[in-house]
Amino acid sequence: MTDAANPTWFHEAHDYSGSAIGFRVTRQLHAEQTPFQNIEIWESTDWGNIMVIDGCMMVTGRDNFLYHEMMAHPVLFTHPRAKRVVVIGGGDCGTLREVLRHPGVEAAWQVEIDERVTRVSEMYFPELCESNGDPRAHLRFEDGIRFMKDAAPGSIDVVIVDSTDPIGPAEGLFTEAFFRDCFHALGDQGVIVQQSESPLYHGKILKALHGAMRAAGFGQTQTLLFPQPVYPSGWWSCTMAGKNLDLKAFREADVRAKPFETVYYNADVHRAAWAMPEFFRRLLEG
Ligand code: SAM
């Protein structure tokens, strides 16, 4: 029996890299198969609660700030004045919470295909869901691909794609067709950011993502790198694409004067996240 006195290990194996990552867990708090995916919640000895979808680590109580802050703040401080923000996926609600820390945001839609992810997050990650009742928050439970196809031209300032890996329902979120719909839905100087996997393990996905964003019409793309201990390789990325703006001209003075606290993100972290190691530069240029 697994309990606090007899912890055991939860492992996520990464066949493609011949490695695995493990967490010492005390009990399984929740398990269900939804129409879209398998959701598990584990209680761990050192990482708080853990959310696993289809065997892949999604969120832990201990380190989610890295991912959620990097998905929300760089893009929102890059757009000159983001008012209308769409989060595609992101059902744990952590990215939405970070978006709503920006007082200039007037409305944020979280478009999650699987309502159960949000309901389970409300139960086991209440801190991530603390802004769900904000009058600016609109929780929609539908396919993000369809949502962007139907969005009125120029109606959105920032799109944040907080998706699972590019398989199953998330596969279409990494395609040129999806980015083209985002391009049309974004207003002038609109910006999209997509979680873009590990620079060490998923180079092909990253290179294809830049190509798809540019083919969809975005003039500039920029990957940002950051640590994420619980994702494959411990090193993660998000990739921005912009419409008629310089992705490196972020509102640095506003970051330094931001009216909310962060754990990881600041102006120096923002700049540092652009630094491209040699292998990665060659990958993108080659
Ligand atoms: N931070 C996580 C990571 O990178 O592993 C992602 C977390 S979030 C829970 C990912 C969400 O994307 C899942 O809840 C999944 O249901 C949602 N998702 C996948 N495909 C989607 C689609 N086509 N439309 C909307 N949401 C989608």
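The values are calculated or read from the model by the stated rules, or taken from the named source; none is laboratory data. Computed from a predicted structure; not experimentally measured. Because the Cβ atoms are built from the backbone with ideal geometry, glycine has one as well, and the counts that use them run over all protein chains shown. Quick note on the areas: whole protein, heavy atoms, side chains included, nothing else; ligands and nucleic acids left out. Shrake-Rupley method; radii C 1.70, N 1.55, O 1.52, S 1.80 Å.
Observations
- If you go through region 68-82 and keep only what is open to solvent by 10 Å² or more (accessible area, probe 1.4 Å) and out of contact with any Asp or Glu (no Cβ under 8 Å at 6 or more places or on another chain), you end up with just Pro80.
- The residues on offer are Glu106, Glu142, and the sole one that is more than 10 Å from the ligand (Cβ to nearest atom) and either modelled with pLDDT under 95 or of a type outside the set (A, V, I, L, M, F, W, C) (or both) is Glu106.
- Of the residues contained in region 83-92, one or more are found to be open to solvent by 10 Å² or more (accessible area, probe 1.4 Å), farther than 21 Å from Pro166 by Cβ and either at pLDDT 95 or above or of a type in the set (Ser, Thr, Tyr) (or both).
- Residues in region 163-192 that are open to solvent by 30 Å² or more (accessible area, probe 1.4 Å), among the hydroxyl-bearing types (Ser, Thr, Tyr) and under 15 Å from the mean Cα position of the chain (by Cα): Thr164 only.
- In region 150-164, the count of residues that are without any contact (Cβ under 8 Å) to a residue 12 or more places away in the chain and within 11 Å of the ligand (Cβ to nearest atom) is zero.
- Of all residues making up region 236-275, the number that are closer than 17 Å to Ala208 by Cβ and not in a strand (DSSP E or B): 0
- Number of residues in region 127-139 that are more than 14 Å from the ligand (Cβ to nearest atom) and part of a loop (DSSP other than H, G, I, E, B) equals 8.
- Only a single criterion out of (1) touching a Phe, Trp or Tyr at 6+ places or on another chain (Cβ under 6 Å); (2) of a type in the set (Ser, Thr, Tyr); (3) over 28 Å from Pro35 (Cα atoms) is not satisfied by Ser155, namely (1).
- Restricting Thr34, Thr8 to residues that are at negative phi and open to solvent by 50 Å² or more (accessible area, probe 1.4 Å) narrows the list to Thr8.
- Among the residues of region 193-235, the ones that are in a strand (DSSP E or B) and open to solvent by 10 Å² or more (accessible area, probe 1.4 Å) come to 6 in all.
- Breaking point among (1) of a type outside the set (Lys, Arg); (2) outside any helix (DSSP H, G or I); (3) within 16 Å of the ligand (Cβ to nearest atom), for Gly172: (2)
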